[in-house]
Amino acid sequence: MATTESGNRTVADIMSAPVVTATAEEPVTSAATRMRELGVGSVVVVDDAEHAIGILTERDLVRLAAAGANPDDRVREWMTPDPDSVAPSAQVSDAFASLAEHGYRHIPVVDDGRLVGIVSMRDLMRIAQIQPAENLSHEVPRGLEGVVVAETTIGDVRGLEGFYHYRQYDAIELAEKRSLEDVWYLLYHDDLPTSSERAAFAEEIRPMRELPSDVAKVLPAIAATAPDAPPLDLLRTTVSMMGAALGFRPSLDLLGAELRDQAMRVCASVPTLLCALYRLTHRMTVIEPDPELAYAENYLYMMTGEVPTPEHARAVEQYMISTIDHGFNASTFTARVITSTGADLAAAVVGAIGALSGPLHGGAPSRALGMLDDIGTIDKAEPWIRDAIERGDRLMGFGHRVYKTDDPRSVMLRSVAERLGGDNVEFAKEVEQKAIDLLAELKPGRKLYTNVEFYAGIVMDACGVPREMFTPTFASSRVIGWTAHILEQAADNRLIRPSAQYVGPPPPQPVPAA
Ligand SMILES: CC(C)(COP(=O)(O)OP(=O)(O)OC[C@H]1O[C@@H](n2cnc3c(N)ncnc32)[C@H](O)[C@@H]1OP(=O)(O)O)[C@@H](O)C(=O)NCCC(=O)NCCS
């Protein structure tokens, strides 16, 4: 099964050692923390004599979260006991066969009863260059939940802890202490800028906010063709046009620096495009970007025609910083898949915008505010929410694929909303509490909490952002994350081409004559 590249290499040649271990009686949360801190996908559970008695993997942690398990549970309750092991002298191809057959991702390497290393599917595949066997496919969870599909240095989400980060920094702390431009710089350049780097970056962005004249010229016609279309749909069209007008070529044929320039250009012009399209569909004149204004101020200015108050500009900026990136969400994954084909940057961004537009991803904040409108007064919250959940509806602004505890973005935005004040904030907080209580009662064990979208709507509404611009505002910041991922994917590319498990009628059936 292995190609010649695996040669005669043995497991000892490729295993990782020393092994990160846990004891059966320690709390599962402490083992999970160790896994994350050390960047490993599993821990081997050992007894006093250092015999491998179990293995605890990231997949077990996902199971644990999904089952709503108690964080004080012991490792013993969640580990796979008596794991298969492999000898260090085994051939790589034999070890792969054993992994593929059982669907394991990690196998302890045991020599004479003693744990000496661990070998992962990834190690084996890298060495043996073996395609994943079809008998692994049944292991893949629906919606790819918990499946690791790439490596990234851009950031990560730790769902059990309610924490996410951009590179080495806590994303929420960045939203509290830094400007959007600084965080953009961080995503593109691995670290925060010095003051001279900040000034140079601002200089670089400024002229890029202007749209290419050929594109600006046709916007009125586009808006007139579809005056009722959501701004995000029109953004899809115009980003595609921009890519074509600026001659974007397949990323496969470009040097990193050229692709970075295109990425900067698209990020800088998305707010301009969105605000122009929004104003044109409402028969208002387009407002040109103001080079003197910072990113968020300029965005609100181009949208409303007025320079915003510092409070409003900062609130929207904090929202935007907190939504720049968030792990392998659907739109980011889409951008990376498209880039992996070598397609041009505009194609990847257009695909990502499409993924973001869905209500299960980015389309929820205006619906969350719509829910508050529908509820109307706090006395109606309980029956309204109960009915909705019993009908099988989803409460917009609640639940998350990765967070099984408070979404840190919603916690931050709740405090931003409180800072801005207004009647709606108190009402929203009461509805939030009712919704969480009822979700716990009617969907026990699912761990459903408020997500970023619930207070996003409240904050943007308080800052004068019209509802139809909520998801577009999300797109304006997320495009920075998408493009950082596009650059990362292009810099170390391999076509992303997974498999599906065929579950239809067995082929080949005779084809009936027409
Ligand atoms: C975000 C979301 C798509 C994640 O979905 P997921 O990880 O695929 O979760 P599932 O669809 O597997 O849901 C698990 C269970 O929780 C329930 N659930 C999840 N989110 C819910 C919500 N917002 N309201 C009511 N029930 C919800 C599901 O009905 C399901 O219940 P079941 O076990 O009885 O079938 C989902 O929580 C959702 O639709 N939320 C509302 C939309 C939203 O706010 N999107 C913005 C995301 S940032």
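Bear in mind these aren't lab numbers, they're just calculated from the coordinates by the rules spelled out. Nothing here was measured: the structure is a model prediction, and the numbers come from that model. Glycine gets a Cβ as well: all are built from the backbone with ideal geometry, and neighbour counts include every protein chain shown.
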Please report, in debye to the nearest 20, how large the charge dipole of the range 425-514 is about its Cα centre when each Lys and Arg carries +1 at its beta carbon and each Asp and Glu carries -1 there. 420
Residue (of A355, V337, T225) at the positive-pole extreme of the chain, dipole from beta-carbon charges: T225
For the chain, compute the orientation-averaged projected area of the C-alpha convex hull (one quarter of its surface), in nm². 29.6
Between 0 and 90 degrees, rounded to the nearest ten: what's the tilt of helix 310-322 against the longest Cα principal axis of the chain? 30
Estimated vicinal HN-Hα couplings, Hz - the range 290-300 in sequence order (Karplus 6.51, -1.76, 1.60; Gly, Pro = x): 9, x, 7, 8, 6, 3, 5, 4, 5, 4, 5
Distance in Å, no decimals, from the C-alpha centre of the range 14-30 to the one of the range 326-345 is 33
Counting other Cβ atoms within 10 Å, keep those with at most 14, restrict to DSSP loop, and tell me which trypsin sites (Lys or Arg not before Pro) in the range 451-509 are left. R494
Length released on extending from D82 to L252, taking residue separation times 0.36 nm less the Cα-Cα span: 56.6 nm
Estimated inter-spin distance, D423 and I496, nm [label 7 Å along Cα→Cβ]: 4.6
To the nearest 10 degrees, how steeply does helix 256-281 sit against the main Cα axis of the chain, on a 0 to 90 scale? 40
Just to confirm the number: angle between the C-alpha axis of helix 180-189 and the first principal axis of the chain, 0 to 90 degrees, nearest 10? 40
Going residue by residue through the range 40-55, the Karplus relation 6.51 cos²θ - 1.76 cosθ + 1.60 with θ = phi - 60° gives ³J(HN,Hα) values, rounded to whole Hz and with x marking Gly or Pro, of 10, x, 7, 10, 8, 8, 10, 9, 4, 8, 6, 8, 6, 10, x, 9
Taking the Cα atoms of the range 378-514, report the difference between the largest and smallest coordinate on each principal axis, in whole Å and largest first. 67, 43, 32
Can you give the relative contact order of the chain as a percent, counting alpha carbon pairs under 8 Å and 6+ residues apart? 15
Estimated Rh, the range 226-329: Kirkwood, alpha-carbon pairs, angstrom: 15.3
Between L144 and T33, the two model label points (7 Å from Cα along the beta-carbon direction) sit apart by a distance in nm of 3.1
Is it possible to state the helix-based mean residue ellipticity at 222 nm for the chain, with each DSSP H run of 4+ residues giving -39500 (n - 2.57), the sum divided by total residues, to the nearest 500 deg cm²/dmol? What is it? -16000 deg cm²/dmol
Between A513 and R9, what FRET efficiency comes out of the Förster formula 1/(1 + (r/R0)^6) with R0 = 35 Å and r the beta carbon distance, rounded to 0.05? 0.05
Cα-Cα separations in the range 316-467 greater than 28 Å, expressed as whole percent: 24
Lysine pair count for the chain [Cα-Cα under 26 Å; pairs on different chains or 8 or more apart]: 13
Taking the Cα centre of the range 298-445 as origin, work out the dipole magnitude from +1 charges on Lys and Arg Cβ and -1 charges on Asp and Glu Cβ, in debye rounded to 20. 540
I need the calculated FRET efficiency for the pair E176 and M208, taking r as the beta carbon distance and R₀ as 22 Å, to the nearest 0.05. 0.20
